[in-house]
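Okay, structure first, notes after.
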Amino acid sequence: MNKILKITLLVSFLGAASLSNAQVIMNEFLSKNHEGMVEHSVNNGGKTLYYKFQYDTITGARIKYTLYLYKDASKSQPFLTLPVLMRNLIWTYFLDVTFTKDGSSKVAALIYKKDLRWSRVKFSPHEGCSYITPPIWDRLNQVDNYEALLQNTIQQLDKNVNFNCYATPAGK
């Protein structure tokens, strides 16, 4: 009888956890465009930096976006365009932004632990492309909003990475 009670409690706990709304990353957010801005951007001379995650495709757990960064509110011409891969797994959500310079690519990775509600960005920019050496990636605790998660990711990248290193000069 004691074993039956333990098994019932375990199954009940797992069922309640799977039905709860504690997970921030919901599928309806993963096939939409997301826009925002970073005030006092290091990469835009203290002015506001605008960004847009444009949804491209989804294949299983792989969601592809394109990240556009703009220096003006009109968003007429992005100064940097980056490929983004999102993976929405059961307990973890990953966002990978690929930075390419001189034929070499590096990936900035956001890791969000859904059950613990914290996230952290990890990235080692190409040599000479960091504002802070070594970069400082702050952990975001008590994540309760998908837009805030994306906003924090762009703020972290803006604080640490010189986007101009990855921008293609005009005329190329």
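Structure notes:
- Between Val107 and Gln54, the contour length at 0.36 nm per residue exceeds the Cα-Cα span by 17.3 nm.
- Quick note on segment 32-80: its Rg to Rh ratio, both from C-alpha atoms and Rh being the Kirkwood radius, is 1.08.
- Gln77/Thr100 FRET efficiency (R0 22 Å; Cβ-Cβ; nearest 0.05): 0.65
- Peptide ranges 33-40, 146-153 listed from the most packed, as the mean C-beta count within 10 angstrom indicates: 146-153, 33-40
- Long-range HN-HN contacts of Lys47 with modeled amide H, under 5 Å: Ser41
- Exposure proxy ranking for Trp118, Trp137, based on other Cβ atoms within 10 angstrom of each Cβ and starting from the fewest, stands as Trp118, Trp137.
- Kirkwood hydrodynamic radius over Cα pairs of segment 22-165, then Stokes diffusion coefficient at 20 °C and 1.002 mPa s, in µm²/s: 138
- Mean shadow area of segment 72-146, taken as a quarter of the surface of its Cα convex hull (nm²): 6.8
Read the figures in this text as sums done on the coordinates, not as results from a lab. Note that the structure is a prediction, hence the values are computed from the model and not measured. All Cβ positions, glycine included, derive from the backbone under ideal geometry; neighbour counts span all protein chains shown.
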